[in-house]
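What follows draws every value from the coordinates through simple rules; no lab data is involved. In this text the structure is predicted, and so the values were computed from the model without any measurement. Neighbour counts are summed over all protein chains in view; Cβ atoms, including those assigned to glycine, are modelled from backbone coordinates with ideal geometry.
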Amino acid sequence: MSEKQFPPGFIWGTATAAYQIEGAGSADGRTPCIWDEFAAIPGKVYEAHNGDVACDHYYRYKEDIKLIAELGFKAYRFSIAWPRIFPEKGKLNPKGIEFYSNLIKELKKYNIVPSVTIYHWDLPLWVHEEGGWTNRQTVEYFKQFAAVLFEHFGEEIPMWITHNEPWCASFLSYGLGVHAPGHTDWQEATAAAHHILLSHGEAVRMYREKGYKHQIGITLNLTYQDPATDSEDDRMAAWRSDGFTNRWFMDPVFKGRYPEDTMEMFKKHNVSFEFIHEGDLELISIPCDFLGINYYTRNIVRNNPEDLFLGGASVRGPGSHTDMDWEVYPEGLYDLLTRLKDEYTDLPIYITENGAAYADQVVNGVVNDEERIEYFRLHLNAVGKFIEEGGKAAGYFCWSFMDNYEWAFGYSKRFGITYVDYETQERIPKQSAYWLRYVMTKNAIS
Ligand code: IFM
């Protein structure tokens, strides 16, 4: 592997999300979100862990930002908790605005570029009670939320991400039932996906209309779909899986249409697409300033006629696996980036998340997470190769700045480059954090 130099101005960042780190579940007027309710249903989340305390970041943000700065990051991606800003329908909470305003001030003190994700899955319970993302009215509520954020922070935030991983917020949440609200209904799931994408389009349009000059985009989670063999059957199975995972989101955002083959598949499962109104797809495909992608692993797919949904089955890959049992497969990142460039967009692409969970241990005050370093090294190499070949990768945000609430896995999975002792809330930067600091200083990996 040769040395890879990153372009001047390449953005090095680290990322988190509100529900995963903030805690302070009922402080300063915050009301519950769907994850508070979901976590309380027995069997849904590992040991019923919830975000009540999390990493206590709400009270420790100054110390956390200082550490982000010491570790050499130039950008920090975080999300804003909707139920802090609108704890009730139509009721704006000044305390919520104050918290994020202080957070942004603190970042500025260290010259760290703030990157804001508007929605990272903490849907207020009051919105859910009206149908959540299955209800078109939620697009209006999202617009109100986004409008308030633009009004207060529009000039100060150089990089806005409307949504994090619509696939998870819709299919995983309303179709597969793994994430809150835990429903298993494909009519709901496809409607939720559509309304999330529509709300993205509405937010971008509003941002433009109000004349803000910074960047706005969306973050999609993409998983490389690899046929188990070269057979036509396996290749078709991987293509179906690609439609379900990737194209269902890339196509409307960049091509203004849903993939026909995946629509047909959903129709066989009695999904009716009446929720798509005239003009929706034009709005969904409104031009953005960048695309964010989150990449973790690949999915190897073989044809399986017994699977009545996608007609496929996943095959365990031969590579090493992380603590999530996800295969380490950096080639998938390179392939996806290249595909995006060749087939979808020439916009700058940010890797807004990439990282790995391992069962880290503190030994004599040190967390020697060599496997995570190797994971970062391989994936950064893939990004570097894409850039060398003329690709527009504009930045890389490692996931995550610190260990946190890994959704249905509770606190059992550690993705952080900073170890969190949940008993004491002590933060210990892992060796991967120092390794990344070195890479960022050189703006290169070797
Ligand atoms: O922790 C999550 C994050 O919230 C969204 N992207 C994937 C991460 C790891 O599963």
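Peptides 171-183, 300-312, 262-274 ranked from most to least packed by the mean count of surrounding Cβ atoms within 10 Å: 171-183, 300-312, 262-274.
Based on the Cβ-Cβ distance of THR184 and GLU3, what FRET efficiency does E = 1/(1 + (r/R0)^6) give at R0 = 41 Å, to the nearest 0.05?
FRET efficiency, THR184 to GLU3: 0.25.
Label separation (GLU264 vs TYR422): 4.6 nm, computed from points 7 Å beyond Cα along the C-beta direction.
Hey, if you drop one equal point scatterer on each alpha-carbon of region 92-228 and run the Debye formula without solvent, what base-10 log of I(q)/I(0) do you get at q = 0.11, 0.14, 0.18 Å⁻¹? Debye curve over Cα of region 92-228, log10 I(q)/I(0) at q = 0.11, 0.14, 0.18 Å⁻¹: -0.44, -0.69, -1.04. Placing unit charges on the Cβ atoms of the charged side chains and taking the dipole of the chain about its Cα centre, the candidate lying farthest along the positive direction among VAL366, MET159, GLN144 is MET159.
Rounded to the nearest 0.05, the FRET efficiency derived from the C-beta distance between GLU306 and LYS66 at R0 = 35 Å is 0.05.
If you take the beta carbon distance between SER26 and LYS210 as r and set R0 to 41 Å, what does 1/(1 + (r/R0)^6) give as a FRET efficiency, to the nearest 0.05?
Values: r = 33 Å, r/R0 = 0.80.
It comes to 0.80.
I want the local charge near LYS95. Using Cβ-Cβ distances under 15 Å, sum +1 for each Lys or Arg and -1 for each Asp or Glu among the other residues. Spell out each step's value before the answer.
Details: positive: ARG30, ARG84, LYS91; negative: GLU22, ASP28, GLU88, GLU98.
Result for the local shell: -1.
Taking 0.36 nm per residue of sequence separation and subtracting the Cα-Cα distance, how much length would be gained by fully extending the chain between TYR438 and THR229, in nm to one decimal?
Numbers: separation 209, 0.36 × 209 = 75.24 nm, distance 3.99 nm.
Here the answer is 71.2 nm.
Shape analysis of region 184-308 places it in the oblate category; the axes a ≥ b ≥ c from the Cα gyration tensor give an a/c of at least 1.5, with a/b not above b/c.
Please list 389-398, 412-421, 313-322 highest first by mean number of surrounding beta-carbon atoms within 10 Å per residue. Present the calculation step by step, with values, prior to reporting the outcome.
Values: 389-398: 20.1, 412-421: 21.9, 313-322: 14.3.
Peptide ranking by packing, descending: 412-421, 389-398, 313-322.
So what is the relative contact order of region 75-213, in percent, for Cα pairs below 8 Å that sit 6 or more residues apart? Mind dumping the intermediate values first?
Values: 188 pairs, mean separation 33.4, N = 139.
Once normalised by length, the contact order is 24 percent.
For region 288-366, the relative contact order is 41 percent, taking Cα pairs closer than 8 Å that sit 6 or more residues apart in sequence and dividing their mean separation by the residue count.
Please give the contour-minus-distance gain from LYS95 to ASP289: 0.36 nm per residue of separation, less the Cα-Cα distance, rounded to one decimal in nm. Can you show the working numbers first?
Numbers: separation 194, 0.36 × 194 = 69.84 nm, distance 3.08 nm.
Length gained, LYS95 through ASP289: 66.8 nm.
The mean sequence separation of alpha-carbon pairs under 8 Å and at least six residues apart, normalised by the residue count of the chain, gives a relative contact order of 18 percent. Taking the three principal axes of the alpha carbon atoms in region 110-155, the coordinate ranges are 41, 18, 13 Å, sorted in descending order.
Counted by Cβ distance under 9 Å from LEU198, the other residues give a net charge of -1, where Lys and Arg count +1 and Asp and Glu count -1. The separation of region 253-327 from region 55-89, counted between C-alpha centres, amounts to 31 Å.
Here the label points at ASP346 and LYS108, each 7 Å from Cα along the C-beta direction, are separated by 3.6 nm in the simple model.
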